[in-house]
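The values are calculated or read from the model by the stated rules, or taken from the named source; none is laboratory data. Please read all numbers here as calculations on a predicted model, not as lab measurements. Note that each Cβ is placed from the backbone with ideal geometry, even for glycine, and that neighbours are counted across all protein chains shown.
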Amino acid sequence: MRPEVEQLLKDPELGVRTEALLYLTHHANVDPLTLIEELGDFADFSVRSAMVAYLARPGEAQNLEAARTILEGMVTETGPENSRNRIEAARLLGILPDNFDPLLSVLLADQDKSVVRHAIRSAGMLHKRRLVPELLDRLADPELAPEAAKALGTFKDSIIGALRDHLGDPAIAIEVRREMPGILVSIGTPAAAQVLQENLLQSDTTLRFRIICALNKLHRMHPEIEPDAEMMETVLVAEILGHYRSYQILGMLGTAAQSEDPVARALKESMDQELERVFRLMGLLHPHLDVHTAYVGLQSKNLSVYDNALEFLENILKSPLREMLMPLLDGRVSVSERVHMANRMVRAKIESQEEAVAALVCSEDAWLRACGAYAIGALGIKSLEPELNRCLMDTDPLLRETARAAKQRLDRFATKA
C-alpha cells in the first residue's frame, strides 16, 4: 500500500498530494518535513496538518504539547480566508489521540458550516459523550442536522437517556425533536424502540408520524424487537378518534369542504395523513400480515381489489376496532353518515362553521392552523380575531404570514360593513 501512496505525492493535484502526505505521516510514521523538503509545493494547511499528525502519533517522536500548539494556531485563525486551516484541524481531531477536546468544541461552534460539518464527523468518530449536547444543538440547523444525526447515531445506547429527554421535552425546539426518531432508528436497539413507543402520543403530527415511521423501520430491520401491543392499540384508537374529529369539521364546513379552496385541500390532505398513520400502526400491531397491501387496495379503482382489501381488514381487526374503523374505510358509507358517527363517538360536537374554523386554527398541525387562519379572513369571522392575534406571534413563518393576510381581509370586511 505504501508505494502506491508515495506515488500520489507526485500527483499534479494539490489536494491529492496533501491527502497522501497526511496518510503517510499518520499511518507509516514518516517524517513529513523530509517529504516536504524532497517534493515542496505543499499548501501551508497540509504542512501543518502533517506535522500535527506526526507529532501526535504514539512513539519516540510524539510531542502532544507541540501538536496542540500547532492545532491551536490552526483553530484560532478566523475568517473565511483561513477556513481551510480550520477544516483540516477539524478532520485531524477525529484521527488523533483523544487529547484535544476543547479544540473540537471551538470548531463545533465555528461560523463556517463546512468547518462545523467536519468537526461533527470527528466528534462522531471519537464518541465523546461530553460533546453530545453540542451535537444535539446542531440538529436545529437544517444544513447540519443530517451530519449531526448520523454522528449521534454512532453513540448507540450510551445516549438513549439524552435522546429520551429531548424527544419528550416540549421546551426543546420542535425541529430538533423531529430529528430524534431517525437517530433512534440508526441506534436500532430495544432501548431505542422503547423510547419511540413512550412518545407515540406526541401532539405534533409531524413528529408523531416520524415516530410511527421509525417504529415501522425498526421492526423491518429488527423483527425480533416486539412492539408493545397495548400501547399500539391505545394510539390507534386515538388516531381513529382524531379522524372522526376531522369529519366533524368537514361536515360543518358544508359546501366549502366540497370546493378546491386551500382550507378544503388542507383538511383532506391532513385526513389522508391520519389514515396513513392508522395503517402504519396496524402494521405494527400485525407485523406478520400484509397491512400495507390492504392500504393500497383501498385506494384502487378496481372493485374486486377494493372489496378484498376491506374483507381482509374485517378479518384481522378486533371487534371494537373493527366497528370504529370500518365505516371510515368503506366507500359505501357517506360523509354525512360518518359525521353522524363522529358526533356520537367524539364528546364535543361542532355545532357551527365558526366552531369548525376554530378547531382548525387551534390544531396541533401548523399547516391546519394556517388554513384555519386563512378561513377566518376568507369567511370574515370577526369573533376569532383573538386567535389570529395569537397566530401572529407563532414561530411558524407560514402561519404568521397567513394570519397577517387574514387580518387585512378582516379589516376590509369591517370597512365594508
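Some notes on this structure:
- In the stretch 310-330, the residues that are more than 17 Å from T234 (Cβ to Cβ) and among the acidic types (D, E) reach residues that are surrounded by fewer than 18 Cβ atoms within 10 Å (Cβ to Cβ) and modelled with pLDDT under 95 with C-beta atoms within less than 8 angstrom, at least six apart or across chains, in these pairs: E314/R322.
- Selection within the stretch 122-140 - buried (at least 18 other Cβ atoms within 10 Å of the Cβ) and within 19 Å of the chain's Cα centre (by Cα): G124, V132, E134, L135, L136, R138, L139
- Looking across the stretch 154-207, the residues that are more than 28 Å from A366 (Cα to Cα) and either in contact with a Pro (Cβ under 9 Å, 6 or more places away or on another chain) or surrounded by fewer than 19 Cβ atoms within 10 Å (Cβ to Cβ) (or both) come down to T154, K156, D157, S158, I160, G161, G188, T189, P190, A191.
- Yes/no for E81 being part of a helix (DSSP H, G or I), surrounded by fewer than 21 Cβ atoms within 10 Å (Cβ to Cβ) and not assigned by TED's automatic domain parsing to the domain that holds I211: yes
- Matching option when the condition is under 24 Å from P170 (Cα atoms) and either among the acidic types (D, E) or outside any helix (DSSP H, G or I) (or both), among E385, E323, E364, E314: E364
- All positions within the stretch 191-202 that are of a type outside the set (G, A, S) and at pLDDT 95 or above: V195, L196
- L284 in a helix (DSSP H, G or I) and under 26 Å from the mean Cα position of the chain (by Cα): yes
- Being buried (at least 23 other Cβ atoms within 10 Å of the Cβ) and of a type in the set (G, A, S) holds for only one residue in A373, A358, and it is A373.
- The stretch 45-83: number of residues that are within 34 Å of the chain's Cα centre (by Cα) and among the polar types (S, T, N, Q): 4
- Filter pass, E351 being acidic (D, E) and assigned to a loop (DSSP other than H, G, I, E, B): yes
- In the stretch 393-402, the residue that is modelled with the highest pLDDT out of those that are outside any helix (DSSP H, G or I) and surrounded by 15 or more Cβ atoms within 10 Å (Cβ to Cβ) is D394.
- 2 or more residues on the phi > 0 side of the Ramachandran plot: qualifying helices (runs of 4 or more DSSP H) within the stretch 91-198: none
- Any hit, the stretch 373-394, residues being within 17 Å of L275 (Cβ to Cβ), out of contact with any strand residue (DSSP E or B) (no Cβ under 9 Å at 6 or more places or on another chain) and in contact (Cβ under 8 Å) with a residue 60 or more places away in the chain: no
- Test: residue in the stretch 327-336 that is in a helix (DSSP H, G or I), out of contact with any Ser or Thr (no Cβ under 8 Å at 6 or more places or on another chain), closer than 22 Å to N216 by Cβ and in the same structural domain as T234 (by TED's automatic domain parsing): yes
- When A151 is tested against (1) small (G, A, S); (2) surrounded by fewer than 22 Cβ atoms within 10 Å (Cβ to Cβ); (3) over 23 Å from E77 (Cα atoms), only condition (2) is not met.
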